[in-house]
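Take a look at the structure below.
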Amino acid sequence: MTNRNNKSVAITGAASGLGKQISLQMAQKGYDVFGTALSQKEIDAFIEAGKPDNIFLTITDITKEQEVNMWVNEVSSSIRDTGLHILINNAGVLTPGPMELIPLNDIRKEFGVNVFGSIAVTHAFLPLLRKAKGRILQIGSMSGFFPIPFNGPSSASKATLEALADVYRIELLPFGVDYTLVLPGSMLTDGPEKTAAQLQAIAENMTTEQSALYGAQFGKFSKSFNAGQAAGISAIEAAEKVVEIAETNPAPSRATVGQDAENAMKIIHTKTDQELDQMKIKTLGLN
């Protein structure tokens, strides 16, 4: 693969969901897009759907440092002396369920992708980002600042990204590298179907004792959560906002995507913890 212009963007999780739509829109704007995919099947599906020639996909597990470095070396060889203009850390996983019942290894896996994977990719690309005085967009979530029950690992991992954003923003300032935390709310991507199946499997796999403890409340949560995701903005709309943020000058420190995320951001500064708890309980139908 060879770079065809002086604008380049690297995107993790670029072959499906929000990442795919961001890739398509960045490519349409003339960027050379270097993205990761989970499998050849994902890449083949993207090609069959009409992948533009300026999107280059590499199978990469971002939890494996060696694979990350190999991908970054490929990108570096292609862009040569121009440096990387934009990095979008988009890849992420979701592990819903009652915290008490989620296996620790599943929680570690979520942090491995959402937190440590993003850190590994960021650090590997920093030399190229410094060269171009580029910018980083970290895709977080409204759950990072507005956590909800039965979504603990995701909320906790995304909250970690909130803290890291404040650190990176200051540490990278002397190099002219901007860092923006992007906070989407509910989105209608290919994620909701997977999440609905996850939620159903969790409920079905509960023991009699576990179901007695959490079954009723988790069922209410699942119904509300699925409805919320289905009513979210489309991946195309969300991607349009992300691309707009990527090209906004000066770069914002934080930016919400979706009305629900914007509303939640306003609410957290006006209510007590107890009021917020009751609001979440009511919204999720847990009362």
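Every read-out reported here was derived from the displayed coordinates using simple, explicitly stated rules and does not represent laboratory data. These numbers come from a predicted model, not from an experiment. So basically every Cβ, Gly included, is an ideal-geometry build from the backbone, and we count neighbours across all protein chains shown.
Taking the range 250-268, which residues are touching a residue at least 40 places away in the same chain (Cβ under 8 Å) and of a type outside the set (Gly, Ala, Ser)?
Correct list: Pro250, Pro252, Arg254, Thr256, Val257, Gln259, Asp260, Glu262, Met265, Ile267, Ile268.
Can you pull out the residues in the range 251-287 that are part of a loop (DSSP other than H, G, I, E, B) and either farther than 20 Å from Gly140 by Cα or under 17 Å from the mean Cα position of the chain (by Cα) (or both)? It would help to see each step written out before you state the result.
Looking only at the range 251-287, we keep the residues that are part of a loop (DSSP other than H, G, I, E, B), and these are 251-253, 258, 268-272, 284-287.
Those that are part of a loop (DSSP other than H, G, I, E, B) and either farther than 20 Å from Gly140 by Cα or under 17 Å from the mean Cα position of the chain (by Cα) (or both): Ser253, Gly258, Thr270, Lys271, Thr272, Leu284, Gly285, Leu286, Asn287.
Going by the conditions given, is Lys158 over 24 Å from Gln21 (Cβ atoms) and of a type in the set (D, E, K, R)?
When the stated conditions are applied, Lys158 does not pass them.
For (1) of a type in the set (D, E, K, R); (2) surrounded by 19 or more Cβ atoms within 10 Å (Cβ to Cβ); (3) in contact with a strand residue (DSSP E or B) (Cβ under 6 Å, 6 or more places away or on another chain); (4) not in a helix (DSSP H, G or I), each residue gets a yes or a no:
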| position | (1), (2), (3), (4) |
| --- | --- |
| Gly112 | no, no, no, no |
| Arg130 | yes, no, no, no |
| Ile136 | no, yes, yes, yes |
| Ile148 | no, yes, no, yes |
| Asp166 | yes, no, no, no |
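Does Arg80 qualify as being farther than 23 Å from Met187 by Cα, in contact (Cβ under 8 Å) with a residue 24 or more places away in the chain and surrounded by fewer than 15 Cβ atoms within 10 Å (Cβ to Cβ)?
Criteria met by Arg80.
Sort through Leu172, Leu137 and tell me the only one that's among the aliphatic types (A, V, I, L, M) and free of Cβ contacts under 8 Å to residues at least 60 places away in the same chain.
Only one candidate passes the filter, namely Leu172.
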